[in-house]
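> Attaching a single structure in structure tokens format; questions to follow.
The values are calculated or read from the model by the stated rules, or taken from the named source; none is laboratory data. Computed from a prediction, not measured in an experiment: that's the story for all the values here. Every residue, glycine as well, gets a Cβ built from its backbone with ideal geometry; the counts of neighbours run over all protein chains shown.
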């Protein structure tokens with residue numbers, strides 16, 4: 001764990017300052033509440049959001065002053081627009097192509113490693129993440145449900161063809177050798193900002209089998225989480241005796257309904273997140289603090 005933290009501090013200190021919202025140091029009473037929560041439960045479902053990846057240098061969407069919406073007029077890609085319009089796909093893939101070299105190199109932070117430590121200590125039934133960055137897996141976690149999919153897998157919209165995002169990058173590089181690799185800020189899905197000239201000259205990827213359009217295995221805004229995945233998460237909630245939310249405002253219904261189920265099944269709920277969340281009015285424990293300031297310390301005394 002010490003080696004992990006040393007690497008994290010070296011690589012992401014500056015970025016964490018840039019993308020983490022304003023926050024106060026953890027209150028000792030809050031630390032005690034969460035310590036007792038982790039001690040009480042041995043079958044915890046952990047639900048994570050974009051707030052845990054800000055400390056790795058990936059901005060979230062909604063945080064005041066530092067979130068993507070506050071920094072730009074960018075709106076996330078809409079599912080129906082991606083499906084219907086080739087120009088929308090061209091713009092998405094051009095930006096994703098340029099941003100991928102940085103996005104795929106982002107490393108886990110202390111929160112990801114602490115969650116893995118809880119998992120190794122058999123305190124965690126499953127990790128349900130809204131993030132598409134695979135940082136949980138990079139930190140060593142095994143039982144991860146990617147609620148909104150992953151940016152590391154790409155599927156054809158017309159047939160069963162699949163390709164890893166790393167492999168596709170080589171195809172895109174071959175087809176777009178002159179694309180300039182310049183950008184200022186990646187987005188939670190790996191997107192970046194490009195000029196209209198750069199976008200217009202980009203050759204979008206097509207399926208080598210049927211020439212259909214390719215789409216990352218991500219649940220875009222306006223799309224639905226597959227029913228199989230929803231049921232998988234429901235089973236995991238029922239198997240757990242508590243739910244621990246880390247770094248999520250629970251604004252998106254696909255995550256909020258997990259808390260509604262936990263409430264209905266009378267599971268204890270704890271939330272560690274900077275700022276308010278959609279479930280604050282019925283959670284058992286709510287702590288407004290940076291995850292990296294409190295979770296590693298909690299692990300050191302609870303496991």
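> In this structure, does residue 45 turn out to be touching a helix residue (DSSP H, G or I) at 6+ places or on another chain (Cβ under 6 Å), modelled with pLDDT of 95 or more and not in a helix (DSSP H, G or I)?
On the way: touching a helix residue (DSSP H, G or I) at 6+ places or on another chain (Cβ under 6 Å): yes; modelled with pLDDT of 95 or more: yes; not in a helix (DSSP H, G or I): yes.
Here the answer is yes, as residue 45 does meet what is asked.
Residue by residue, here is whether (1) surrounded by fewer than 16 Cβ atoms within 10 Å (Cβ to Cβ); (2) farther than 30 Å from residue 94 by Cα holds:
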| position | (1), (2) |
| --- | --- |
| 217 | no, no |
| 230 | yes, yes |
| 236 | no, yes |
| 246 | no, yes |
| 252 | no, no |
| 258 | no, yes |
| 279 | no, yes |
| 295 | no, yes |
| 301 | yes, yes |
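> Let me ask something else. Can you tell me which residues in the range 116-138 are part of a loop (DSSP other than H, G, I, E, B) and in contact (Cβ under 8 Å) with a residue 60 or more places away in the chain?
First pass over the range 116-138, keeping only residues part of a loop (DSSP other than H, G, I, E, B): 121-123, 130-134.
Within the range 116-138, 121, 122, 123, 130, 131, 132, 133 qualify.
> How many of the residues in the range 202-221 are over 12 Å from residue 154 (Cα atoms) and more than 18 Å from the chain's Cα centre (by Cα)?
Total meeting the criteria: 8.
> Shifting gears a bit: For residues that are closer than 15 Å to residue 202 by Cβ and either at pLDDT 95 or above or not in a helix (DSSP H, G or I) (or both), tally how many sit in the range 93-115.
The qualifying residues number 1.
For (1) outside any helix (DSSP H, G or I); (2) in contact with a helix residue (DSSP H, G or I) (Cβ under 9 Å, 6 or more places away or on another chain); (3) at pLDDT 95 or above, each residue gets a yes or a no:
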site	(1), (2), (3)
3	no, no, no
11	no, yes, no
24	yes, no, no
34	no, yes, yes
55	no, yes, no
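> Where residues in the range 167-201 are modelled with pLDDT of 80 or more and assigned to a loop (DSSP other than H, G, I, E, B), which of them is nearest to the chain's Cα centre (by Cα)?
Once the filter is applied, the top-ranked residue is 176.
> Restricting attention to the range 126-155, which residues are over 11 Å from residue 217 (Cβ atoms) and over 19 Å from the mean Cα position of the chain (by Cα)?
Passing the criteria: none in range.
> All but one of (1) more than 18 Å from residue 43 (Cβ to Cβ); (2) surrounded by 19 or more Cβ atoms within 10 Å (Cβ to Cβ) hold for residue 269, so report the exception by its number.
Every condition holds for residue 269 apart from (1).
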